[in-house]
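S.K.: Quick one: this structure, given as structure tokens, is what I'll be asking you about.
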Amino acid sequence: MNEFKKPNPVFWIPFFIEEIDISKLEFKEEPEYTPTFISRTPTTMGEDELTQESYNYLGRILWECIGQYTEKPFYIGSVWRNKYVKTDWQDPHIHSGAQWSFVIYVDVEESKTVFLSPSRHNQMNQWGHLGHAFPLDFSPKISPGNIIIFPSFIEHFVPPGNEGITISGNIYYDQPPGGPC
Ligand SMILES: [Fe+2]
């Protein structure tokens, strides 16, 4: 049996998966879901706002993760709720203009979000015939009560099969559409 040398991981992308207390996330208004996106998944996008206390709590959790990348203050620009039934899904997208994005799994059985490698086109082109030597996607199994934080340029999608609510949001360093946290 061959003993291979351990590779050095380079060009890696930071993802954070952390516990979060859902009971500390309160919205100012009852949700009004509107079918949105190509999939017509019900969302409160553009209509939802957390209470200031909740922004503060969420801001602290975010800071503990992303604060190591720049000392610039960040802004939680938008937060919205998606309500899935088993046939709902979301097409591949990035969160344009934001620096970080997050998804909080409130009461879905398990996360379904699939994150795509930003170099997958090159990987498939050069290596596709050799099998999946390097990962093309990341499909974490995350339980309710957790948040995943990722760079907004990471494309992702949601296949059907989930039921329940998630909270998504964007984080900006410049030209904040929301308030400071
Ligand atoms: Fe998204």
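The values are calculated or read from the model by the stated rules, or taken from the named source; none is laboratory data. None of the values given here were measured: they were computed from a predicted structure. In this analysis, Cβ positions are derived from the backbone assuming ideal geometry, glycine residues included, and neighbour counts consider all displayed protein chains.
S.K.: Report yes if some residue within the stretch 15-22 is more than 24 Å from PHE153 (Cα to Cα), touching a residue at least 40 places away in the same chain (Cβ under 8 Å) and hydrophobic (A, V, I, L, M, F, W, C); otherwise report no.
M.R.: yes
S.K.: Name every residue in the stretch 64-107 that is more than 14 Å from the ligand (Cβ to nearest atom), among the aliphatic types (A, V, I, L, M) and closer than 20 Å to SER143 by Cα, in order of residue number.
M.R.: Those that are more than 14 Å from the ligand (Cβ to nearest atom), among the aliphatic types (A, V, I, L, M) and closer than 20 Å to SER143 by Cα: VAL85, VAL106.
S.K.: Which of (1) surrounded by fewer than 18 Cβ atoms within 10 Å (Cβ to Cβ); (2) under 15 Å from the mean Cα position of the chain (by Cα); (3) at negative phi; (4) at pLDDT below 95 is the odd one out, the single condition VAL108 does not satisfy?
M.R.: Every condition holds for VAL108 apart from (1).
S.K.: Among (1) surrounded by 20 or more Cβ atoms within 10 Å (Cβ to Cβ); (2) out of contact with any Cys (no Cβ under 6 Å at 6 or more places or on another chain); (3) part of a strand (DSSP E or B); (4) not basic (Lys, Arg), which single condition is GLY77 missing?
M.R.: If we test GLY77 against (1) surrounded by 20 or more Cβ atoms within 10 Å (Cβ to Cβ); (2) out of contact with any Cys (no Cβ under 6 Å at 6 or more places or on another chain); (3) part of a strand (DSSP E or B); (4) not basic (Lys, Arg), just (1) comes out false.
S.K.: Within 16 Å of the ligand (Cβ to nearest atom) and on the phi < 0 side of the Ramachandran plot: does that describe ALA133?
M.R.: no
Yes or no, residue by residue, for (1) surrounded by 13 or more Cβ atoms within 10 Å (Cβ to Cβ); (2) in contact (Cβ under 8 Å) with a residue 12 or more places away in the chain; (3) more than 21 Å from PRO7 (Cβ to Cβ):
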residue: GLY97; (1), (2), (3): no, yes, yes
residue: VAL103; (1), (2), (3): yes, yes, yes
residue: GLY131; (1), (2), (3): no, no, no
residue: ILE142; (1), (2), (3): yes, yes, yes
residue: GLY145; (1), (2), (3): yes, yes, yes
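Per-residue answers, yes or no, for (1) in contact with a Ser or Thr (Cβ under 6 Å, 6 or more places away or on another chain); (2) hydrophobic (A, V, I, L, M, F, W, C); (3) closer than 21 Å to VAL108 by Cβ:
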residue: ASN2; (1), (2), (3): no, no, no
residue: LYS6; (1), (2), (3): no, no, no
residue: TRP12; (1), (2), (3): no, yes, no
residue: GLU18; (1), (2), (3): no, no, yes
residue: ASP21; (1), (2), (3): no, no, yes
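S.K.: If only one of ASN122, ASN56 is closer than 18 Å to GLU19 by Cβ, surrounded by fewer than 20 Cβ atoms within 10 Å (Cβ to Cβ), away from the ligand (no atom under 16 Å from the Cβ) and among the polar types (S, T, N, Q), which one is it?
M.R.: Of the residues listed, the single one that is closer than 18 Å to GLU19 by Cβ, surrounded by fewer than 20 Cβ atoms within 10 Å (Cβ to Cβ), away from the ligand (no atom under 16 Å from the Cβ) and among the polar types (S, T, N, Q) is ASN56.
S.K.: Here is a follow-up. Inside the stretch 78-121, can you point out the residues that are of a type in the set (Gly, Ala, Ser) and in contact with an Asp or Glu (Cβ under 7 Å, 6 or more places away or on another chain)?
M.R.: Answer for the stretch 78-121, where residues must be of a type in the set (Gly, Ala, Ser) and in contact with an Asp or Glu (Cβ under 7 Å, 6 or more places away or on another chain): just SER117.
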